[in-house]
1. In debye to the nearest 20, how big a dipole does segment 140-259 give about its Cα centre with +1 on each Lys and Arg Cβ and -1 on each Asp and Glu Cβ?
2. Can you give the accessible area per residue of the chain, in Å², using a 1.4 Å probe?
3. Just how much of Asp36 is accessible, in Å², when a 1.4 Å probe is used and the result is rounded to the nearest 10?
4. What length, rounded to one decimal in nm, is gained on full extension from Glu207 through to Asp194, with 0.36 nm per residue of separation minus their alpha-carbon distance?
5. Summing -39500 (n - 2.57) over the DSSP H runs of n ≥ 4 in the chain and dividing by its residue number, what mean residue ellipticity at 222 nm do you reach, to the nearest 500 deg cm²/dmol?
6. So how strong a dipole does the chain carry about its Cα centre when Lys and Arg Cβ are +1 and Asp and Glu Cβ are -1, to the nearest 20 debye?
7. How far apart, in nm, are the 7 Å Cα→Cβ label points at Lys283 and Ser177?
8. Using Cα positions and a limit of under 12 Å, work out the aspartates and glutamates in reach of Lys173, with same-chain residues fewer than 8 apart set aside.
Amino acid sequence: MTSAPRPMTLDEASAHGTRVTLLGTAGGPPWWENSDRSGISTLITVNGAQYLIDCGEGWGPMFRKSGTSTPGFEHGIDELRAVFITHHHSDHTVDYPNLLLLAWHNGSNGLKRPVQIHGPGDRTVLPPIFGQREHQPEVFNPDSPTPGIEESTHRLLQAYATDINDRMRDNAKQDLSEIFEVHDIELPGATGEDPNGDPSPAMEPFEIYADENVRVTAILVDHRPIFPAFAFRFETADGSVVISGDTGVCENLVTLAEGADLLLHECIDLDWVSSLMGPGSPKPDPYLMQHMLAAHTSTDQVGPQAEKAGVKTLVLTHLVPGNTPREKWEEARAGFSGDFYVGEDLMHFGIGTPAPDRAAATVPAALGGQMGRELVGDGRR
Ligand SMILES: [Zn+2]
């Protein structure tokens, strides 16, 4: 049996066939005061091939800073194999255009095959209007108000047509469609899902991607009213990593995460929510509070969820708010008997058993041993 994943330097992590790097750990669109957490994004590296999950604000600069990007002019994303988007909230996608448009200049020369992008498809119906309003909001872009990743990508590229035509005509750049292949994640038939009903009916995980390094499965989670919202599981020869995406307490997440080596789980600070809208706050609003907590997993809920799933290591990420002090997040270990860490930007985790020879071969020289030293703690109680 392999040991539980723990934070380590990039040097150490690179001795593992599979490693996980937290590029950004803040959730939510606000710029959190007194916090320098980047927007939510995670990188998994398997045998040197790279897999990016979500493109929150700053993933690109953090990828470079992490020491895991490919060194050399115009080679940064040479090893990027696939990208997975959990759901269409802007804090998970705002730097997706950065990936598409800068790829020409930071990796397309060295990419060995098209990068595969997988994300949620069209919601198909608008979400209900929440709360009592004097005026009903106009539908934005009524011809296509809830596009999936394929259409979103197409529209984003249209918006940049001036640049794209310039680069192709003036700099002889290749067609972007040769660099990226984009896929709406198809839901398995007969799951009975209803976007405005139960967004995460009980189901089995289903495969959305596989190559020689990794098999990726997905499951619907409860981030109402967003639909579809996915959690992903990455299975490699070294072990398993689960990323919760955004979700309230959800049985499907437990199903997906069962026995995983590492669970990266979102978390919202219950006391912060209470201070904004709970009883005794300046604007108490029990209905809004319930609405918010249904879509996220709070500090008192995440430990029991991880315990139920029987994972070895639980790491909090997508922290809302991003400026809650770390000591406060530590409370979320309650109810979990495995190893627990509060995620920090640029933390690395090695999965499975290290093979010391591997490190020298795969660590880019620049930042090898620098990251993570101050982040390494003792996860056990
Ligand atoms: Zn979200």
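The values are calculated or read from the model by the stated rules, or taken from the named source; none is laboratory data. Fair warning: this is a prediction, and the values are worked out from it, not measured in the lab. Cβ atoms come from the backbone with ideal geometry, glycine included; neighbour counts cover every protein chain shown. Side chains included, ligands, DNA and RNA excluded: accessible areas come from the protein's heavy atoms. Shrake-Rupley method; radii C 1.70, N 1.55, O 1.52, S 1.80 Å.
1. Once rounded to the nearest 20, the dipole reads 320 debye.
2. 44 Å²
3. 140 Å²
4. Taking Glu207 through Asp194 to full extension adds about 2.6 nm, to one decimal.
5. -6000 deg cm²/dmol
6. So the magnitude is around 700 debye.
7. Spacing of the two 7 Å Cα→Cβ label points: 4.6 nm.
8. Filter leaves Asp163.
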